[in-house]
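S.K.: This is the structure, below, for whatever I ask next.
The values are calculated or read from the model by the stated rules, or taken from the named source; none is laboratory data. Source: prediction; values computed, not measured. Note: ideal-geometry Cβ built from the backbone for every residue, glycine included; neighbour counts use all protein chains shown.
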Amino acid sequence: MSTVLVRGEEFTQLPPDLYIPPDALEVILESFSGPLDLLLYLIRRDNLDILDIPIAEVTRQYMVYVELMKAVKLELAADYLVMAAALAEIKSRMLLPRPAQADEEEADPRAELVRRLLLYERYRTAVEQLDARPRIGRELHLVAVPVDGRRTERPPPQVRMDDLLEALRSVLTRAAAFAHHTILREPLSVRERMTQILDRVRVDGYTEFSALFDPGEGRRGLVVTFLAILELSREALVSFVQNDAFAPIHIKANTHE
């Protein structure tokens, strides 16, 4: 006898005042897709010969499932009841005496049912084999793009005026840290600064933008250097290079053939 523990107390019988709603339990038979599927399951489960079906035993087991489905949900048992009636007809025909002159196949009431079961099993096996095949190429198709081996290079970002102004702002911020210093005023020439910058970038190759500024010259000298760099760029004597976004800006001299 099975027992149930509720809050440490053992119960062997259902309480008389226990109320179970009609829809508290729902059984869905998802294993069988139809009456033929159920019949084939019963035959295979008990290792029965499909060509020599014991109708009485199969019908008894079949009706157990039908009664279960009728008790749970009647509309699910409609197709199964038709098969149950067919099984009952086959059983009754097997109890009747067979004509002596009738062929063995025609005299066996199970012949049509066996034919349907064999055909159903053949189709179900084919479906299982198809379902076991890889879905790639059947339901899913991969997109492939041929590559000829060429190496693609991402061009570096274009240096904009906003980037130059941001770099100048950084230089001016560092120059402001020199709070106490003495600057002797001397005339500053943009053309002379252009020559100095061009000579330096030709020697260094790639020169960082901020390295061309001398914070000791003060704001006036920084602005002259910036104007000289812009003028060199306008005359296509130098180019701005930046490897990645927000990376340091470098200046290189243009080579003219």
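S.K.: Please count how many residues of segment 223-244 are assigned to a loop (DSSP other than H, G, I, E, B) and either in contact with a Cys (Cβ under 9 Å, 6 or more places away or on another chain) or polar (S, T, N, Q) (or both). Please lay out each step first, then the result.
M.R.: Residues of segment 223-244 assigned to a loop (DSSP other than H, G, I, E, B): 235-237, 242-244.
Next, only the ones that are either in contact with a Cys (Cβ under 9 Å, 6 or more places away or on another chain) or polar (S, T, N, Q) (or both) stay: 242-243.
Matching residues across segment 223-244 total 2.
S.K.: Which of the residues spanning segment 204-224 are closer than 21 Å to Asn243 by Cα and surrounded by fewer than 18 Cβ atoms within 10 Å (Cβ to Cβ)?
M.R.: Asp204, Gly205, Tyr206, Glu208, Ser210, Ala211
S.K.: Could you please let me know if Val201 is surrounded by 14 or more Cβ atoms within 10 Å (Cβ to Cβ) and at pLDDT 85 or above?
M.R.: Working: surrounded by 14 or more Cβ atoms within 10 Å (Cβ to Cβ): yes; at pLDDT 85 or above: yes.
For Val201, the condition - surrounded by 14 or more Cβ atoms within 10 Å (Cβ to Cβ) and at pLDDT 85 or above - is met.
S.K.: Checking Ala245 against (1) surrounded by 14 or more Cβ atoms within 10 Å (Cβ to Cβ); (2) of a type outside the set (Asp, Glu); (3) touching a Pro at 6+ places or on another chain (Cβ under 7 Å), which test does it fail?
M.R.: (1)
S.K.: Identify all residues within segment 206-248 that are more than 16 Å from Arg193 (Cβ to Cβ) and touching a Leu at 6+ places or on another chain (Cβ under 7 Å); write none if there are none. First the steps, then the outcome.
M.R.: Keep residues of segment 206-248 that are more than 16 Å from Arg193 (Cβ to Cβ), which gives 206, 208, 236, 239-248.
Those that are more than 16 Å from Arg193 (Cβ to Cβ) and touching a Leu at 6+ places or on another chain (Cβ under 7 Å): none in segment 206-248.
S.K.: For a quick check of your reading of the model, give me the residue pairs whose first member lies in segment 225-249 and is among the polar types (S, T, N, Q), whose second is at pLDDT 85 or above and buried (at least 16 other Cβ atoms within 10 Å of the Cβ), with beta-carbon atoms closer than 7 Å and at least 6 apart or on different chains.
M.R.: Note: pairs meeting the criteria are Thr225/Arg193; Thr225/Leu212; Thr225/Phe213; Ser233/Phe240; Gln242/Ile249.
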